[in-house]
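Notes follow the structure.
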Amino acid sequence: MRRDLRLSDHPALHAAAGTGYPGTGDGEPAHVLPVFVFDPVLWDRAGPARRAHLVGSLRALDADLRALGGGLVVRAGDPARELAALVRESGAAEVHVSADFGPYGRARDAAVEAAIEVPFRRTGAPYAVAPGRVHKADGEPYRVFTPYLRAWAEHGWRDPLPRPSGGDIEWVHAESVELPDAPTPEGARLPEVGERAALATWKRFRAGGGPGRYAELRDRADLAGTSRLSVHLKFGEIHPRTLLAGLTDDTFRAELAWREFYADVLWHRPETAREYLRAEFAGMEYDTGDEADDLFDAWRAGRTGFPFVDAGMRQLLAEGWMHNRVRMVVASFLVKDLHQEWTRGAAHFMRHLVDGDLASNSHGWQWAAGCGTDASPWFRIFNPVSQGKRFDPDGDYVRRYVPELRALAGAAVHEPWKVGVPDYPAPVVEHAEERLVALARYEAIRR
């Protein structure tokens, strides 16, 4: 088990158990050993918030397995070595996994397959439509979202698989190491963990009419208009097919498709995890040096003097999450107001986001930077003040995360320099001036 920490709609688990869709299996319970390997490569890359969620999710999964008579086996180390050893210890006839489509995951799985002496079965994926499954008529991958969305929807997906019952599987036990200590970062308020929390979150969102009001409310940072399911999708505590089953809202479905589109792009172009999809943008002039570093520090600490930007950056530190509209604004601000490369911001996000997904993060940043697929035109430079007034009209979002400004009423919170607030910094740049600098630098590479 890796990015599939659940029991419901788990194709690889059903494949291991010999159950699944009608006509599969022989009716006899299979012997199954559920295992999670702490890979130091991935563990070291994760920030404290994501580590805390992972360990909590594994505890929840172990509890669900124990309720069925099983339990999660935990190992730590190189996955190829650990799984080869566990196959020998247990006498396993096969190893089953959900397919991994990320650059590192594909290489790791190839190493595991070469190391073990039994068949290595990939079944299912963290996506409704696996990367590489849909493509243009000429066989080329999609580079634009809208035609991808049409092909994705036409391809479709199966209905969710049921949760195994107690009689479906005979669970096997093996020696297990202790889960590592991963405390919640001090002062952080992280989402609930595990499959049950994911299903409860989805139930609440649907009961409150969330999908039907998604198009209307999704950009309002001050309102609870989004599903908050991204972290549960990241860890596979819920499968996107569960969300898509019976879903009629086109806007919410399209947002799920964006996640799958970016995974498809990364599958075809794995180097774009950290490199420019449109290589010409690597030649743009970006700021470096001590002054640029100071501005970057102000940005990541939420001390830029632009309240909507600062609220988002502080929300990231406080919750390991940020509203998607605000993610776009703070990304535009770093790249186009502070003139710094998108890779720097993407790395900061991946360090702190609980829902940090490599494909969505890297290509979301490239969209904001104008160098990715469906890229926002370079001349579309978000004004952090007008964006705040539009998507936080009464200032409630800013006041929630920037306590220095709570004395300011209504939309006045978005322009505190007009009244002066002693404990809050003045704007670090003049947006109108930096916008012109950004446009001039873009024109230089366009020519």
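What to note about this one:
- Evaluated against (1) over 22 Å from the mean Cα position of the chain (by Cα); (2) in contact (Cβ under 8 Å) with a residue 12 or more places away in the chain, Met322 falls short on exactly one condition, (1).
- When restricted to residues that are closer than 22 Å to Phe391 by Cβ and surrounded by fewer than 17 Cβ atoms within 10 Å (Cβ to Cβ), region 190-219 contains 7.
Yes/no matrix, rows are residues, columns are (1) open to solvent by 10 Å² or more (accessible area, probe 1.4 Å); (2) in contact with a Phe, Trp or Tyr (Cβ under 7 Å, 6 or more places away or on another chain); (3) modelled with pLDDT of 95 or more:
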site: Gly283; (1), (2), (3): yes, no, no
site: Asp294; (1), (2), (3): yes, no, yes
site: Met322; (1), (2), (3): no, no, yes
site: Lys336; (1), (2), (3): no, no, yes
site: Cys371; (1), (2), (3): no, yes, no
site: Arg380; (1), (2), (3): yes, no, no
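- When the residues of region 347-369 are filtered to those that are free of Cβ contacts under 8 Å to residues at least 40 places away in the same chain and under 12 Å from Ala273 (Cβ atoms), the one that is surrounded by the fewest Cβ atoms within 10 Å (Cβ to Cβ) is Ala347.
- Among residues of region 271-283 that are touching a residue at least 40 places away in the same chain (Cβ under 8 Å) and of a type in the set (Phe, Trp, Tyr), those with a Cβ under 6 angstrom from a residue that is surrounded by 13 or more Cβ atoms within 10 Å (Cβ to Cβ) and in a helix (DSSP H, G or I), sequence gap 6+ or separate chain, pair up as Tyr276/Ala282.
- When region 188-205 is filtered for residues that are among the basic types (Lys, Arg) and touching a helix residue (DSSP H, G or I) at 6+ places or on another chain (Cβ under 9 Å), the ones remaining, listed by number, are Arg189, Arg196, Arg204.
- Residue ranges of helices (runs of 4 or more DSSP H) in region 340-447 with at least 3 members under 29 Å from the mean Cα position of the chain (by Cα): 342-352, 358-369, 384-391, 396-401
- Scan of region 69-103 for residues that are within 16 Å of Arg122 (Cα to Cα) and among the β-branched types (Val, Ile, Thr), ordered by number: Val95, Val97
- If the condition is being of a type outside the set (Lys, Arg) and open to solvent by 30 Å² or more (accessible area, probe 1.4 Å), then region 134-147 contributes His135, Ala137, Asp138, Gly139, Glu140, Pro141, Tyr142, Val144, Thr146, Pro147.
- Qualifying residue in region 383-400 (condition: touching a Leu at 6+ places or on another chain (Cβ under 8 Å), surrounded by fewer than 20 Cβ atoms within 10 Å (Cβ to Cβ) and either without any contact (Cβ under 8 Å) to a residue 40 or more places away in the chain or not charged (D, E, K, R) (or both)): no
- Residue list for region 402-439, filter: open to solvent by 60 Å² or more (accessible area, probe 1.4 Å), closer than 24 Å to Met284 by Cβ and of a type in the set (A, V, I, L, M, F, W, C): Leu436
- For region 112-120, the count of residues that are more than 30 Å from Thr184 (Cα to Cα), charged (D, E, K, R) and without any contact (Cβ under 8 Å) to a residue 40 or more places away in the chain is at least one.
- Test result for Gly187, open to solvent by less than 40 Å² (accessible area, probe 1.4 Å), under 29 Å from the mean Cα position of the chain (by Cα) and closer than 18 Å to Leu353 by Cα: no
- Filtered residue count, region 158-170, keeping only those that are closer than 17 Å to Ser8 by Cβ and surrounded by fewer than 18 Cβ atoms within 10 Å (Cβ to Cβ): 7
The values are calculated or read from the model by the stated rules, or taken from the named source; none is laboratory data. Being a predicted model, the structure only gives us computed values, none of them experimental. A quick note on method: Cβ atoms are made from the backbone with ideal geometry, for glycine too, and the neighbour counts reach across all protein chains shown. With ligands, DNA and RNA removed, areas are computed over all heavy atoms of the protein, side chains included. Shrake-Rupley method; radii C 1.70, N 1.55, O 1.52, S 1.80 Å.
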